[in-house]
Every structure is written in C-alpha cells, then in structure tokens.
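Structure, as structure tokens:
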Amino acid sequence: MKTKFLALCFVILLASCKEEPKEKEVAQRDISQYTIEQFMDNEAVGGGSFSSDNSKLLVSSNRSGIYNVYIIPVQGGEMTAITASDSTSYFSESYFPNDDRMLISADGNGDEIDHIFVRDLDGTITDITPEKGAKASFYGWSEDDKHLYFGSNKRNPQYFDVYKMSLEDFSTELIYQDDTGLSFSGMSNDEQFFALAKSVNTNDSDLFLYDIKTKDMTKINDNQSGNSSQDFSKDNNLFYYTTDDDAEFSYLMSYNLETKEKKKVIEKSWDISGSGFTANGTYMVVYVNEDGKNAIEVYDAKTMTPIDLPDFGDKSITSVSFSDDESWMRLYVGGSNAPSDLYTYNLSSKEQYKLTNVLNEDINVEDLVTAKVVRFKSFDGTEIPAIYYLPHQASADNKVPAMVWVHGGPGGQTRQGFSSLIQYIVNHGYAVLAVNNRGSSGYGKTFYQMDDLNHGEKDLQDCVEGKNWLAEQYEINGEKIGIMGGSYGGYMTMAALTYAPEEFDVGVNLFGVTNWMRTLKSIPPYWESFRESLYKELGDPFSADSVRLKRISPLFHTDKVTKPLIVLQGAQDPRVLQVESDEIVAGVRKNGVPVEYVLFEDEGHGFVKKENQIESYSRILKFLDKYLKADAPPIEGETESTEVEVGEE
C-alpha cells in the first residue's frame with residue numbers, strides 16, 4: 001500500500017545554564033511590536049502531494065482566513081485556489097495516482113467527523129464517504145493505482161473497518177472488519193498482511209500481523225512495550241516497526257514475514273518516531289526526536305547509507321516526502337522564530353526551489369525570539385526540560401512578566417515549532433517558559449509514565465518549580481508570573497489556580513478539562529480502542545477511581561480560586577465539551593474574581609479560523625496587560641466579568 005507518510009515537528013532542546021547579569025548592559029536596538037492582525041497575516045501551509053507529472057503540488061493553506069486547498073507549481077509560482085470555502089475548512093490529501101483528480105477532506109466546523117471528498121477534473125466536489133455521523137480517514141493508494149484505502153466507523157461507531165474503493169465508480173469493498181478494538185496500522189502492498197495494534201496503556205501497545213489468506217493472527221512483540229507499525233518493504237518480505245522493548249527509547253526493527261526472524265535496523269539515543277519507504281522502495285525516511293530536535297535522515301534502502309539533504313543553516317527540515325517516481329522531494333523548513341516554508345528539491349539536478357514566503361513581510365524576523373532549552377530540577381530532584389522564550393527587551397533593568405505554558409495531552413510535548421500566539425505575547429513583553437513536565441513524551445518511557453494516576457499533583461508541582469526557576473532569572477519580574485495552556489494544559493491552568501492558588505498571578509485556560517469524570521465518560525465512541533488505556537493512566541470514572549478524579553477536578557473546588565482568569569472554548573469541541581468551560585466560569589465568578597469568557601460557536605478543539613484566532617489571541621493579551629503587566633485592580637469585592645460569544649456569520 002502506498003501510505004501517507006506523516007512528519008512530526010519537534011523542539012530543539014539545548015542544555016542551558018542560568019546567566020548572570022553583566023556589569024554593563026549592551027545597548028539594545030528598538031524592537032518593533034506587531035499587532036495580532038500582522039501576526040495572523042502569516043500564512044500556514046501544509047501537505048504537498050505531487051501531481052502525476054510532477055508539475056505541481058497539492059497543499060492546504062489558511063491564506064483566505066480558513067483552510068482551503070491550493071495547487072502550486074513545483075518550481076514556484078502563484079498558488080491557485082481549488083476550494084473557496086468561507087466556513088468549513090478543507091485540507092489536501094493527495095492527487096490521484098494517474099490524473100489530476102484530487103482527494104481532500106473536511107469535518108464539520110471542528111467536530112472531528114471527517115469525510116473524504118473527490119475534486120473531479122471539471123471542478124465538482126463529491127463526498128465519497130457521505131454516511132452521516134461516520135468518520136473516515138484516507139489510508140493510501142493501491143499498488144495498481146486503481147483503488148484507494150480508507151478507514152470508517154460507519155458500520156459500528158466504536159470501531160474502524162478498512163475499505164477498498166474503486167477509483168472508477170467509487171464502489172467500496174470491506175476488506176477488514178474490526179470487532180475487537182484492534183487499530184489498523186498498515187498493510188502490505190499485496191494486501192495479504194494487515195498490521196494491527198492493541199492499546200495496552202498510553203505508552204504500551206501490542207502489535208499484530210493478520211494474514212488474510214490463512215486468517216492467522218501473529219503477535220509481533222514478546223514483552224509489554226510500546227510498539228508501532230511503520231511500513232512494509234516493497235517486495236512484501238519484511239515488516240518494519242518501532243519498539244521500546246527493554247529500552248527507554250524506541251528503535252527500528254524488521255520482521256521477516258516468511259522466516260519470522262527479527263532484526264534491529266536502527267537505534268538512536270532518542271526515540272525513532274517514524275519511518276517509511278518511498279514509492280519504489282529506493283529510499284527509507286527516518287524521523288528521530290533527538291532531544292526534542294526534529295532530525296530527519298534519508299537512507300539509500302539497499303546500502304542503508306544516508307543521502308545528503310539540502311542545508312538550511314539554523315533552520316530545520318521538519319518534514320519531507322517524495323514524488324512517486326522518486327525524482328523530487330518536498331520539504332518544510334522552519335524554526336521557533338519563523339513558520340515553516342515549503343521547498344522542493346530535485347534529486348538529479350540538486351536544484352532547490354522555495355515555493356512559499358509564509359512570514360508576513362511586515363514582520364522583521366530579527367524582532368522574533370529564537371527559543372532555547374533550559375532544564376531545572378523539580379521538587380524531588382527530577383530534571384524537567386523546558387522551552388524558554390525571552391523577549392529581546394528584557395534585561396536586569398527592564399524585568400518582564402512571564403507565563404508558564406503547559407502543553408496538551410496528557411503525554412504531549414512542547415516542541416520548538418513556530419507559535420503565533422507565543423511569539424505575539426513575547427513580542428509584547430512577556431517571557432514564556434513552556435514546561436515539559438513529567439509525563440511528557442520524548443524523554444524516555446520512565447519519564448513518560450511518571451504522571452500516571454497523579455495528574456494535577458506531581459506534574460503540577462513541576463509547573464510550580466518552573467515558575468520558581470523563572471523568578472530566579474534576573475530579567476524576570478518574579479512577582480508577575482501566570483500560567484496558561486490548552487486542553488490538558490488548560491486543565492493544568494485550572495489545577496494551578498485551584499490547588500496552588502497563591503503560586504500564579506493569572507490563568508489562561510484554553511478549552512481545558514475541569515471535570516474528569518464527565519470528560520472520561522463522554523469520550524467520542526471512535527476512541528473506544530483507546531478508552532481502557534486512558535482509564536489506566538487517568539483513572540476509571542466508573543470505579544473507586546471516581547473519588548480521586550473528583551478530588552483533582554477543579555470544577556468541584558472553584559471556591560479556592562482567587563486570581564483573574566480568562567477561559568476560551570469552542571462550542572463544537574467533541575473532546576472537552578462546552579459545559580466544562582460554562583461551569584468553571586460560573587463557579588469562579590461566585591468568588592467575585594475577574595473572569596473573562598470567550599466562546600466560539602464555529603470552532604472545535606482548537607481554533608483554526610483566522611478571525612477567531614485574532615479575537616482569542618488579542619483577548620488574551622489584553623487580559624494579561626490588565627491583570628499581569630499592569631498593577632492589577634484589587635479583587636476583593638470586584639465583580640467585573642465579561643463574556644463574548646462569537647457566532648457563525
């Protein structure tokens with residue numbers, strides 16, 4: 001099967017120690033401050049499927065204000081819009097293998113019920129997975145280029161079956177039916193072997209190979225470990241997978257489908273996070289989360305020697321993919337201070353082409369901040385890595401306020417990709433320390449599992465220690481430090497204001513969980529294969545764990561909140577329901593604490609429309625300017641609260 005190969009963008013982590021103030025401050029140049037409209041005039045581009053003749057790429061871009069699909073010449077030129085939606089975001093999936101038809105996808109304003117669409121040669125767009133309420137995912141093209149594969153839960157909302165669809169008449173055939181919660185993870189080109197995964201917990205998963213001909217199911221891993229399917233060899237003889245069996249970090253293995261022999265292929269001192277072959281099997285691409293840095297290696301598959309990639313200086317290659325004939329490569333290149341641009345590279349001529357300039361030309365890149373990695377010791381001696389953004393204007397004579405940023409998850413990782421929100425508030429004089437608290441991925445499975453069944457406790461203490469580290473920095477005003485985050489980071493924000501109410505001065509909660517029992521009971525049905533693993537890490541809301549889950553749910557302890565709060569939420573969010581934010585806002589307001597609430601009727605779990613990002617980010621900065629940067633008004637007896645509801649046009 002010609003699989004889609006997804007790239008990951010990781011942070012660059014560099015060891016750092018505390019700097020001491022210099023006797024004489026170096027004169028600083030003036031730093032321009034930019035409006036949120038200028039920051040959001042940056043363009044985000046994603047995808048990049050080559051057309052069959054390699055003349056153009058199919059991409060997604062939010063240049064219109066929401067994501068639409070565009071084509072762009074492979075050697076550069078103007079983008080041409082393929083979709084022109086002003087409400088629903090559309091994303092590119094792939095050109096068809098032998099013609100200029102296109103596969104695109106969209107959900108319903110953030111409800112995560114994705115459908116697959118075909119854009120025909122005459123411009124008509126047809127939903128080829130129209131079943132209402134069913135979620136569909138494109139898996140890849142068949143070896144003969146006459147079919148596509150997709151997953152859908154249309155038969156049973158809890159499980160995803162695998163279908164084969166004809167490109168001639170779009171008729172479908174069920175080729176694998178899941179009734180046990182085994183997740184499809186890949187398929188051999190001859191359709192004989194299916195790679196299937198069974199989640200054991202949030203780190204570990206069992207990996208199986210199912211033989212369609214014999215109906216045999218073979219378990220690949222011998223021990224409980226984290227295992228992930230990567231790809232099959234072009235000749236269908238070898239199956240490649242990553243595992244952390246008897247190791248802290250994942251390494252790449254091969255499994256001979258005939259002899260059952262296993263061999264270690266590549267091992268690094270960090271996680272190998274992905275691997276796959278190009279269409280003809282000439283190259284193997286390997287992704288490594290190298291101490292948070294996105295390291296990409298491309299090997300000659302026969303000799304397993306790395307090939308040379310273009311050098312982009314202080315910027316990193318964050319993603320690569322190849323044309324079907326393997327003559328062209330497309331690359332995304334960026335850094336913490338610049339959004340990723342799209343390039344193409346001809347492997348024969350060695351010529352490279354820059355296709356996009358996504359940073360707003362009004363913004364001087366020198367005014368933006370390049371993140372660095374610091375590490376600090378937590379309360380129990382555990383070393384915590386974090387990404388640090390210090391405003392250019394900060395100094396011993398100009399101490400700045402700061403925010404502790406907490407990533408989503410649990411189990412996520414803050415990486416050094418470009419963030420318009422972080423750069424916006426840093427540009428306006430706030431330092432940001434993005435903490436990779438215990439339980440974050442990328443630092444070994446021991447570290448990853450350290451927050452199991454103690455969420456909102458030890459991981460929260462890591463965030464408090466991050467605040468203490470900030471307060472020790474000579475450029476930081478230690479009396480003005482807040483906390484912010486989205487999803488699980490939003491939960492941590494509310495946990496901080498609830499269980500450590502005097503540690504942080506303000507809180508910014510973006511669609512954060514506030515009632516774990518309700519959230520864990522209301523997870524979408526299509527998460528069924530992962531539900532038990534979530535319960536093992538967080539607790540089972542239907543068992544005695546409910547006592548602890550209530551204890552760590554901020555909703556039931558809002559009387560302890562004393563610091564100003566802003567909450568932002570999408571009404572279509574299927575993961576963190578709107579009622580979570582509604583109720584936490586109502587509870588905190590009873591304390592007479594300033595609370596702002598921004599609700600978007602046309603967003604889900606995260607805000608993707610530029611007008612909503614502009615509204616939300618500007619509201620966050622205004623909130624911080626009022627309650628953190630300036631001398632905040634007294635809270636006692638204050639009842640000031642505001643609420644903004646942004647509806648669909």
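Laid out as a table, the results:
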{"quantity": "So Lys135, is it surrounded by fewer than 21 Cβ atoms within 10 Å (Cβ to Cβ), touching a Ser or Thr at 6+ places or on another chain (Cβ under 8 Å) and at negative phi", "calculated": "no"}
{"quantity": "Positions within segment 162-194 being within 22 Å of Tyr241 (Cβ to Cβ) and acidic (Asp, Glu), in sequence order", "calculated": "Asp178, Asp190, Glu191"}
{"quantity": "Segment 555-583, residues that are in contact with a helix residue (DSSP H, G or I) (Cβ under 6 Å, 6 or more places away or on another chain) and either under 21 Å from Arg619 (Cβ atoms) or among the hydroxyl-bearing types (Ser, Thr, Tyr) (or both)", "calculated": "Thr558, Val561, Lys563, Pro564, Leu565, Ile566, Val567, Leu568, Gln569, Ala571, Glu583"}
{"quantity": "Some residue of segment 584-592 being part of a loop (DSSP other than H, G, I, E, B) and within 22 Å of Asp451 (Cα to Cα)", "calculated": "no"}
{"quantity": "Of the criteria (1) more than 28 Å from the chain's Cα centre (by Cα); (2) at negative phi; (3) in contact (Cβ under 8 Å) with a residue 12 or more places away in the chain, which one Met304 fails", "calculated": "(2)"}
{"quantity": "Odd one out for Ile422, checked against (1) over 23 Å from Glu603 (Cβ atoms); (2) part of a helix (DSSP H, G or I)", "calculated": "(1)"}
{"quantity": "From Ile116, Ile72, residue being hydrophobic (A, V, I, L, M, F, W, C), more than 30 Å from Pro157 (Cα to Cα), open to solvent by less than 20 Å² (accessible area, probe 1.4 Å) and part of a strand (DSSP E or B)", "calculated": "Ile72"}
{"quantity": "Residues that are in a loop (DSSP other than H, G, I, E, B) and closer than 14 Å to Val358 by Cβ, drawn from segment 26-63", "calculated": "Met40, Asp41, Asn42, Glu43, Ala44, Asn62, Arg63"}
{"quantity": "Of all residues in segment 244-261 being in contact (Cβ under 8 Å) with a residue 40 or more places away in the chain and open to solvent by less than 30 Å² (accessible area, probe 1.4 Å), the one that is farthest from Asp144 (Cα to Cα)", "calculated": "Asp244"}
{"quantity": "Strands (runs of 3 or more DSSP E) completely within segment 341-415 that count 1 or more residues being over 30 Å from Ile307 (Cα atoms) and open to solvent by 20 Å² or more (accessible area, probe 1.4 Å)", "calculated": "372-377, 383-389, 400-406"}
{"quantity": "Filter pass, Gly133 being part of a loop (DSSP other than H, G, I, E, B) and closer than 19 Å to Pro524 by Cα", "calculated": "yes"}
{"quantity": "The one condition in (1) at pLDDT 95 or above; (2) in contact with an Asp or Glu (Cβ under 8 Å, 6 or more places away or on another chain); (3) open to solvent by 30 Å² or more (accessible area, probe 1.4 Å); (4) within 28 Å of Phe193 (Cβ to Cβ) that Glu143 fails to fulfil", "calculated": "(1)"}
{"quantity": "Residues within segment 300-327 that are among the aromatic types (Phe, Trp, Tyr) and surrounded by fewer than 19 Cβ atoms within 10 Å (Cβ to Cβ), tallied", "calculated": "1"}
{"quantity": "One residue from Ser618, Ser546 being closer than 24 Å to Glu457 by Cα, polar (S, T, N, Q) and surrounded by fewer than 21 Cβ atoms within 10 Å (Cβ to Cβ)", "calculated": "Ser546"}
{"quantity": "Pick from segment 248-261, criterion among the hydroxyl-bearing types (Ser, Thr, Tyr) and either modelled with pLDDT under 95 or not in a loop (DSSP other than H, G, I, E, B) (or both), ranking: farthest from the chain's Cα centre (by Cα)", "calculated": "Tyr255"}
{"quantity": "Segment 496-534, residues that are polar (S, T, N, Q) and open to solvent by 10 Å² or more (accessible area, probe 1.4 Å)", "calculated": "Asn515, Thr519, Ser522, Ser529"}
{"quantity": "Entirely in segment 187-243, the strands (runs of 3 or more DSSP E) that have 3 or more residues that are surrounded by 17 or more Cβ atoms within 10 Å (Cβ to Cβ)", "calculated": "193-199, 205-211, 227-232, 238-243"}
{"quantity": "Segment 92-108, subset under 21 Å from Glu143 (Cβ atoms) and of a type in the set (S, T, N, Q), residue surrounded by the most Cβ atoms within 10 Å (Cβ to Cβ)", "calculated": "Ser94"}
{"quantity": "Residue count, segment 90-112 (criterion: modelled with pLDDT of 95 or more, part of a loop (DSSP other than H, G, I, E, B) and closer than 30 Å to Glu601 by Cα)", "calculated": "1"}
{"quantity": "Candidates Ser533, Ser529, Ser546 - the one that is without any contact (Cβ under 8 Å) to a residue 60 or more places away in the chain and either in contact with a strand residue (DSSP E or B) (Cβ under 6 Å, 6 or more places away or on another chain) or of a type in the set (Gly, Ala, Ser) (or both)", "calculated": "Ser546"}
{"quantity": "Unique residue being open to solvent by 30 Å² or more (accessible area, probe 1.4 Å), modelled with pLDDT of 95 or more and in contact with a strand residue (DSSP E or B) (Cβ under 9 Å, 6 or more places away or on another chain) when the list is Lys293, Lys264", "calculated": "Lys264"}
{"quantity": "Scope segment 444-495; condition touching a strand residue (DSSP E or B) at 6+ places or on another chain (Cβ under 7 Å), farther than 20 Å from Leu624 by Cβ and open to solvent by less than 10 Å² (accessible area, probe 1.4 Å); matching residues", "calculated": "Asp462"}
{"quantity": "Which numbered condition Asn591 fails, given (1) over 20 Å from Thr519 (Cα atoms); (2) in contact (Cβ under 8 Å) with a residue 60 or more places away in the chain", "calculated": "(2)"}
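Conditions tested, residue by residue: (1) of a type in the set (A, V, I, L, M, F, W, C); (2) in a helix (DSSP H, G or I).
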{"position": "Gly439", "(1), (2)": "no, no"}
{"position": "Gly442", "(1), (2)": "no, no"}
{"position": "Phe447", "(1), (2)": "yes, yes"}
{"position": "Asn454", "(1), (2)": "no, no"}
{"position": "Asp459", "(1), (2)": "no, yes"}
{"position": "Val464", "(1), (2)": "yes, yes"}
{"position": "Leu470", "(1), (2)": "yes, yes"}
{"position": "Lys480", "(1), (2)": "no, no"}
{"position": "Met484", "(1), (2)": "yes, no"}
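The values are calculated or read from the model by the stated rules, or taken from the named source; none is laboratory data. Please read all numbers here as calculations on a predicted model, not as lab measurements. FYI the Cβ positions are ideal-geometry reconstructions off the backbone, even for glycines, and counts take in every protein chain you see. To get the accessible areas, we keep the full protein, side chains included, count just its heavy atoms, and leave off ligands, DNA and RNA. Shrake-Rupley method; radii C 1.70, N 1.55, O 1.52, S 1.80 Å.
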